[in-house]
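The values are calculated or read from the model by the stated rules, or taken from the named source; none is laboratory data. Quantities reported herein were computed from a predicted structural model and do not represent experimental measurements. Positions of Cβ are backbone-derived with ideal geometry, glycine not excepted, and every protein chain shown enters the neighbour counts.
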Amino acid sequence: MSALRVLFIGGSGIISSASAQLAVERGVELHVLNRGSASPRPLPPEAVVHRADVRDAAAVRDALAGHDFDAVVDFTAFTPDHVQAGIDLFTGRTGQYVFISSASAYQTPPARLPVLESTPLRNPFWEYSRNKIACEDLLVAAYRDAGFPATIVRPSHTYDRTSVPMDGGWTVVERMRQGKEVVVHGDGTSLWTLTHTADFAKAFVPLLGHARAVGDAFHITSDDAPTWNHIVETLARAAGVEARIVHVPSDAIAAADPGWGAGLLGDKAHSMVFDNAKVRSLVPEYRATIPFERGAREIVEWYDGDPARRVVDARMDGVMDDLVERFRIA
């Protein structure tokens with residue numbers, strides 16, 4: 001049997017990098033389309049790289065001339081225009097087109113937990129999520145009307161060693177190491193699902209080329225949902241310090257920093273717990289096995305490995321200072 005031929009659009013991002021590595025380990029003939037930008041996540045040496053800007057349709061056609069694929073995965077589509085370009089480029093050239101959506105597209109706040117794939121898609125708070133919903137709507141119509149072989153995958157806060165899963169990134173850890181307070185939205189007791197990229201890959205790669213995944217949607221997440229207080233405390237322990245938390249209402253954070261607030265009100269402020277039974281119906285061996293305690297150690301070790309990585313966002317640091325001063329309890 002010939003190897004599965006798969007194209008990743010992207011491939012060196014947080015979500016895609018571990019999937020690229022696992023794909024080649026499992027014998028996939030992996031092709032990657034990207035611009036060749038510098039990344040802390042190198043592509044597997046076995047990958048066949050095609051250089052082009054995915055937003056330049058003519059350049060993509062030239063780069064992929066003569067190539068068809070069993071599956072195409074678009075990690076870089078964020079608007080309906082991006083998805084329509086993918087439909088135009090790959091109709092008749094792939095047996096499956098996988099769109100990476102987002103679990104933030106689900107009803108926000110959720111009316112019921114755990115979240116299922118049948119949970120409605122509605123997010124009035126965050127434009128990013130509304131765009132993902134619009135992309136999904138376009139793909140569903142293309143599948144229903146013309147049989148375009150779409151599969152929709154919804155990750156939920158997938159991270160790797162390079163990504164501190166807090167707004168502000170490394171700034172939060174640096175504040176804790178300096179003995180400063182850090183901001184946690186609400187009372188810190190809402191539940192949040194963090195998924196290590198290596199765990200995501202274990203469910204994702206087997207969906208590629210899977211006939212029963214076509215025309216359907218799946219989320220892929222961990223089954224572990226710590227509280228935000230626990231997430232911050234776990235990061236602090238990995239960094240060798242104790243967390244000093246100041247709780248701030250999400251609305252107040254949004255008023256101080258609309259960008260930070262959009263991601264809270266449209267996603268992180270609400271408990272999100274997922275039922276992964278649907279993806280397990282096609283990948284029965286899937287289990288997420290990497291707890292955030294391990295992930296936090298990986299993150300701190302990576303940042304400590306090179307001082308140049310430990311960048312503090314001065315603007316975000318100032319916003320946190322102001323919020324701490326206003327909401328600190330004496």
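Has the range 261-274 got any residue that is more than 18 Å from the chain's Cα centre (by Cα), of a type in the set (A, V, I, L, M) and closer than 27 Å to Ala198 by Cα? No, the conditions are met nowhere in the range 261-274.
Checking Ala262, Ala269 one by one, the residue that is touching a strand residue (DSSP E or B) at 6+ places or on another chain (Cβ under 6 Å) and closer than 21 Å to Leu121 by Cα is Ala269 and no other. Before we move on, is Glu174 under 16 Å from Asp317 (Cα atoms), of a type in the set (D, E, K, R) and modelled with pLDDT of 95 or more? Criteria met by Glu174.
For the range 238-282, filtering for residues that are among the charged types (D, E, K, R) and under 17 Å from Ser163 (Cα atoms) leaves 1. Scanning the range 116-135 for residues that are of a type in the set (D, E, K, R), free of Cβ contacts under 8 Å to residues at least 40 places away in the same chain and part of a helix (DSSP H, G or I) yields one hit, Arg130. Within the set Gln84, Gln21, the sole residue that is part of a helix (DSSP H, G or I) and either in contact with a Ser or Thr (Cβ under 9 Å, 6 or more places away or on another chain) or farther than 18 Å from Gly209 by Cβ (or both) turns out to be Gln84. For Ile231, are the conditions met, namely being touching a Lys or Arg at 6+ places or on another chain (Cβ under 8 Å), surrounded by 18 or more Cβ atoms within 10 Å (Cβ to Cβ) and among the β-branched types (Val, Ile, Thr)? When the stated conditions are applied, Ile231 does not pass them.
Of everything in the range 148-207 that is of a type in the set (Asp, Glu) and assigned to a helix (DSSP H, G or I), the residue that is surrounded by the fewest Cβ atoms within 10 Å (Cβ to Cβ) is Glu174. Would you say Val214 is out of contact with any helix residue (DSSP H, G or I) (no Cβ under 6 Å at 6 or more places or on another chain) and either free of Cβ contacts under 8 Å to residues at least 40 places away in the same chain or more than 20 Å from Ser104 (Cβ to Cβ) (or both)? For Val214, the condition - out of contact with any helix residue (DSSP H, G or I) (no Cβ under 6 Å at 6 or more places or on another chain) and either free of Cβ contacts under 8 Å to residues at least 40 places away in the same chain or more than 20 Å from Ser104 (Cβ to Cβ) (or both) - is met. Scanning for something in contact with a Pro (Cβ under 6 Å, 6 or more places away or on another chain) and among the charged types (D, E, K, R), does the range 271-286 turn up at least one residue? For the range 271-286, residues in contact with a Pro (Cβ under 6 Å, 6 or more places away or on another chain) and among the charged types (D, E, K, R): present. Of all residues in the range 87-115, those satisfying the criterion of being touching a residue at least 24 places away in the same chain (Cβ under 8 Å), more than 22 Å from the chain's Cα centre (by Cα) and assigned to a loop (DSSP other than H, G, I, E, B) are Thr91, Arg93, Gly95. Within the range 15-29, the set of residues being surrounded by fewer than 20 Cβ atoms within 10 Å (Cβ to Cβ) and in contact with a strand residue (DSSP E or B) (Cβ under 9 Å, 6 or more places away or on another chain) comprises Val24, Glu29.
Scanning the range 283-302 for residues that are outside any loop (DSSP other than H, G, I, E, B), in contact with an Asp or Glu (Cβ under 9 Å, 6 or more places away or on another chain) and among the aliphatic types (A, V, I, L, M) returns a single hit, Ile299. In the set (1) under 18 Å from Asp275 (Cα atoms); (2) under 17 Å from the mean Cα position of the chain (by Cα), the condition left unmet by Asp216 is number (2). Do the conditions hold for Ala308, that is, is it crowded, with 20+ Cβ neighbours inside 10 Å and part of a helix (DSSP H, G or I)? Against the criterion (crowded, with 20+ Cβ neighbours inside 10 Å and part of a helix (DSSP H, G or I)), Ala308 does not qualify.
Yes/no matrix, rows are residues, columns are (1) surrounded by 13 or more Cβ atoms within 10 Å (Cβ to Cβ); (2) modelled with pLDDT of 95 or more; (3) more than 19 Å from Val28 (Cβ to Cβ):
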{"residue": "Leu43", "(1), (2), (3)": "yes, no, no"}
{"residue": "Val54", "(1), (2), (3)": "yes, no, yes"}
{"residue": "Val73", "(1), (2), (3)": "yes, yes, no"}
{"residue": "Pro80", "(1), (2), (3)": "yes, yes, yes"}
{"residue": "Gly86", "(1), (2), (3)": "yes, yes, yes"}
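Checking every residue in the range 198-221 against the condition of being touching a strand residue (DSSP E or B) at 6+ places or on another chain (Cβ under 9 Å), of a type in the set (Asp, Glu) and assigned by TED's automatic domain parsing to the domain that holds Trp260 gives zero matches.
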